[in-house]
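Okay, so here's the structure we're looking at.
The values are calculated or read from the model by the stated rules, or taken from the named source; none is laboratory data. Everything quoted here is computed from the prediction, not taken from an experiment. Note that we place each Cβ from the backbone using ideal geometry, even for glycine, and neighbour counts take in every protein chain shown. Surface accessibility is based on the protein's heavy atoms, side chains included, excluding ligands, DNA and RNA. Shrake-Rupley method; radii C 1.70, N 1.55, O 1.52, S 1.80 Å.
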Amino acid sequence: MTDTNVPSRQMGSGKSAHEIIEPPNKLKDKVKPLRQEHGKPIEDPVARAERELKKLEPQFAEWMAKDIARLQKAWTDLIEEAGSEGLMDPEIAAPLFRAAHDLKGQAGTFGSPYVATVAASLCMIFEDDETLASAPPILIEQHINAIAAMHREGAESGADSLASKLCEELTSITQTIVATTKAQQLKAS
């Protein structure tokens with residue numbers, strides 16, 4: 001049944017007969033071994049990456065402030081461009097999503113888990129056009145304001161129960177809107 005070069009074995013009999021294929025593990029061939037060079041100790045690549053990230057931390061506050069400003073500007077531009085009609089047009093809202101998505105990744109990487117959580121919640125709103133269309137604009141604005149406040153106040157994991165509660169509430173409301181929209185889509189199909 002299988003290529004003769006790939007080890008396999010037959011299991012069971014009759015209708016329950018099946019073949020177990022055991023592909024070779026070629027991972028070792030693809031990974032370079034860590035080698036000691038000229039008497040230097042072997043350096044852990046993960047530890048090296050973490051040290052490099054640590055060097056970037058002083059710049060992160062500035063990057064995050066710029067991304068939050070970009071998020072706020074995208075929101076302002078969206079309101080001005082769309083007005084009350086078509087506020088949540090996916091094409092017009094794309095810069096807002098990109099800014100939220102960037103914050104979600106950066107904040108998590110650089111130790112602002114509350115900002116990352118709220119940005120992730122905001123990104124959920126953009127996952128499909130119907131959810132975006134059904135999300136109240138005030139909810140999007142609350143996400144943006146929460147992100148700005150958490151950054152301004154320096155909310156870090158475990159440091160601020162208000163930030164934690166705000167994350168839970170915004171995420172819960174967003175999940176409810178997403179679930180309701182999906183249920184309506186299923187009902188309509």
**Prompt:** So which of 130, 57, 81, 62 is open to solvent by 80 Å² or more (accessible area, probe 1.4 Å), within 19 Å of residue 181 (Cβ to Cβ), of a type outside the set (Lys, Arg) and in a helix (DSSP H, G or I)?
**Reply:** 130
**Message:** For a quick check of your reading of the model, give me the residue pairs whose first member lies in the stretch 154-167 and is hydrophobic (A, V, I, L, M, F, W, C) and surrounded by 11 or more Cβ atoms within 10 Å (Cβ to Cβ), whose second is assigned to a helix (DSSP H, G or I) and at pLDDT 65 or above, with beta-carbon atoms closer than 7 Å and at least 6 apart or on different chains.
**Reply:** 155/114; 155/163; 163/114; 163/150; 166/146; 167/114; 167/117; 167/118
**Asked** For residue 164, are the conditions met, namely being under 22 Å from the mean Cα position of the chain (by Cα), among the polar types (S, T, N, Q) and at pLDDT 90 or above?
**Response** no
**Prompt:** Restricted to the stretch 93-149, and to residues that are touching a residue at least 60 places away in the same chain (Cβ under 8 Å) and among the β-branched types (Val, Ile, Thr), which residue is farthest from residue 56 (Cα to Cα)?
**Reply:** 140
**Prompt:** Can you pull out the residues in the stretch 107-122 that are in contact with a Phe, Trp or Tyr (Cβ under 9 Å, 6 or more places away or on another chain), in a helix (DSSP H, G or I) and surrounded by fewer than 18 Cβ atoms within 10 Å (Cβ to Cβ)?
**Reply:** 109
